[in-house]
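In what follows, a single structure is set out as C-alpha cells and then discussed.
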Amino acid sequence: MDTITIIIGVVAILIGAVGGLLFGKSSLNSKAQFIIEDAKKRAENIIEKATVQAEAVKKEKHLQAKEKFLELKSEHDSNINQREKKMQEAEKRIKDKENKLNDELSKTGKLEKDLERQVNDYNKKLEVIQKKQHDLDVATAQKVEMLEKISNYSAEEAKNELVESLKAEAKTKAQAHVQSIMEEAQLNAKNEARKIVIQTIQRIGTEQAVENSVSVFNIESDEIKGRIIGREGRNIRALEAATGVEIIVDDTPEAILLSCFDPVRREIARLSLHRLVTDGRIHPARIEEVVEKTRKHIEEEIIEVGKRTIIDLGIHGLHPELVKIVGRMKFRSSYGQNLLQHSREVANIAATMAAELGLNVKLAKRAGLLHDIGKVPEQESELPHALLGMQWAEKYGENAEVINAIGAHHDEIEMTSLLSPIIQVADAISGARPGARRQVLESYIQRLKDLEAAALSFEGVSSAYAIQAGRELRVMVESGKVNDENAYQLSYDISEKIQNELTYPGQVRVTVIRETRAVNIAR
C-alpha cells in the first residue's frame, strides 16, 4: 500500500509541475494543491478497495485451509478406525484360537484317559484270546494225533499230498488257460502279424560248410592229359600263368581238377581248356590267345547277366560297377547254393514281406539283391562280406537304408531301419529251405540227435524221432504218465527248450503223440 501512495504522490507532483508550466506561477500552488488532494482521495479509495479485497482473499484462504484441515483430519480418523478394527479382529482370532486349543487340550486329556482304559480292556481280552488259542492248539494237536492214528498218515505227509494235489490242479488250470490264450492269439494272428513277424523269424542257423573252390574238367581219354601238360610241362605252366588257376593232373580217370578260390578264374580256365581240347592246338602262344578271348567273353557275359538280372527284378539306376558285381555272382556258390540265384530269391522274399508290412517294396528288392555282393571281391579282403558289401554300396551312392541292410544282415552293425531285419530274415529263409544248401553230414546227423535228446530229457517221453530233415519232431509219450492236457504243455516245453538251447535253420514243429492201447491174447 505504501508503494501505491508514493506512486500517486509522484503523479500528483508531476501534474502540478505540468500545470505550473501551463498556467504560470500564479496559479501553480492552488492547482497543485487541488491535484494533490484529489490524488490523495483517489489513493485512499484505492487503498480502501485493496484492503477490502485483501480481507476477502484472506477469509477465502482461511476457509480453504480450514476445509483442507477438516478433510485431512477425517481421513486420519478413518485410518485410525480401520487400524483399530483390524486390531480388534486380530485379537478376536487369537482369543478364538486360544479357546480352541484349550478345548483340544481338554479333549486330548479325555482321549488319553479313554485310550488308557481301552488298552487295559484290550490287554484283558488278549489274555483271554491267548488262553483260548492255547486251548485250541492243544485240541488241534489231539485231533491231528487222532487223525494220524486213524489214517496212518503223518501231518507232514498229509500236507505234502494236499500241496501236490493243489499243484496238479493249478497246473491243469494253467495249461487250459494257456491253451485258450494261444487259441485266441491264433485267431488274432492276422491283425498282429505285422507287429511280430520281424521279431519271430530272425534266426540264422545254417552250419559252416567247405566253400566250393574246385572245378572238374572232364576229358574223353587220359591221352589228352599229356597234351595238356605238354613237353616238360610247358603247356600246363602257361595255362596256370595265364589263368591264375592251379591245374591238377593226377590219376583221376578222365578228369582234370581246377583249383582256385576265385570262381571267375576257374570258369575262364575251364572254358579255355574246353576250347583248346576241342581245337586240338595246344601250345603256349595258342593258350595265351584263347585265355584272353575267353576272359573278354566272360567279362561281357558278366555284364550281360547283371543287366538281365536287374531288368528281371525291375531295379533301375544301379551303378555300372554294381551291375558287374551282380553278374559275377553267377559264378560264385555259397554253401553249395548259387549266389546269384540265392540273391534273386532273397530279393523276391524281401519284396513280399515289405509289401505285407507296408514298406518300400523297391528298396527291399534292391537290398535283397545286393546283400551278398561282398562275397565276390576281385581281390582278397580281410573285412567280412557284409561290411565289404556295405562299403561298396556306400561308394556307389546307394540309399542309406539299403546300405544299412547290407551291413547288418549278419549283425556286424546295428540295424537302423525296418528294412534291415527283413533282409536278414529273407536271407535265412532262402538258405534254410530244404535242398538250398549243402551241409556236412556229421553236423546234420548231430543236429537230429540233439533234437531227439532234447525231447527225451522230459519225464514221460518214451521215444522221439526227428523227421523231415529235422524240421519236425515226433514225440511219443507214456499214456499212464502224461494225460491229454499235459501233452499240450509238454509240446510247448519241448519247443521252448529247442528254441533256447539249440541252433537250427527255419523252424521245428513239435508233435506230441499219446495213445492208450488195450492188448489181450486169445489162447
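Quick note: the coordinates plus some simple rules give every number you see, no bench work behind them. No experiment lies behind these values; they were computed from the predicted model shown. Neighbour counts are summed over all protein chains in view; Cβ atoms, including those assigned to glycine, are modelled from backbone coordinates with ideal geometry.
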Which stretch or stretches of region 506-523 have amide N atoms under 15 Å from the point lying 7 Å from Asp484's Cα along the Cα→Cβ direction?
-> 513-517
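Of the peptides 75-87, 310-322, 412-424, 447-459, how do they stack up when ordered by the mean number of other Cβ atoms within 10 Å, highest first?
Numbers: 75-87: 10.0, 310-322: 14.6, 412-424: 20.0, 447-459: 16.5.
Final packing ranking: 412-424, 447-459, 310-322, 75-87.
How high is the relative contact order of region 272-374? Use alpha-carbon pairs under 8 Å, at least six apart in sequence, and give a whole percent. Could the numbers behind the result be given before it?
On the way: 90 pairs, mean separation 20.1, N = 103.
Across region 272-374, relative contact order equals 19 percent.
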Per region 41-81, sqrt(5λ) over the Cα gyration tensor eigenvalues, sorted largest first, in Å, gives 39, 4, 4
With +1 at each Lys and Arg Cβ and -1 at each Asp and Glu Cβ, the charge dipole magnitude of region 210-333 around its Cα centre, to the nearest 20 debye, comes out at 360 debye
Once normalised by the length of region 210-333, the mean sequence separation of its alpha carbon contacts under 8 Å that are 6 or more apart gives a contact order in percent of 24 percent
For region 62-178, give the magnitude of the charge dipole about the Cα centre (Cβ charges: +1 Lys/Arg, -1 Asp/Glu; no others), in debye to the nearest 20.
-> 560 debye
Do the alpha carbons of any pairs in Lys365/Lys497; Lys110/Lys132; Lys307/Lys375 sit beyond 26 Å of each other, and which pairs?
-> Lys365/Lys497; Lys110/Lys132
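Order these peptides, 513-519, 49-55, 462-468, by their mean beta-carbon neighbour count within 10 angstrom, highest first. Show your work: numbers first, answer last.
Working: 513-519: 8.0, 49-55: 10.6, 462-468: 15.3.
For the peptides 513-519, 49-55, 462-468, the packing ranking is 462-468, 49-55, 513-519.
Tell me the Kirkwood hydrodynamic radius of region 441-514 in angstroms, computed as one over the mean inverse distance between distinct C-alpha pairs.
Numbers: mean 1/r = 0.0818 Å⁻¹.
One decimal place: 12.2 Å for the Kirkwood radius.
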Remind me, relative contact order of region 441-514 in percent, using alpha carbon pairs under 8 angstrom and six or more residues apart?
-> 33 percent
Out of residues 5 or more away from Ile282 or on other chains, whose amide H comes under 5 Å of its own, with H placed 1.01 Å from N in the peptide plane?
-> none
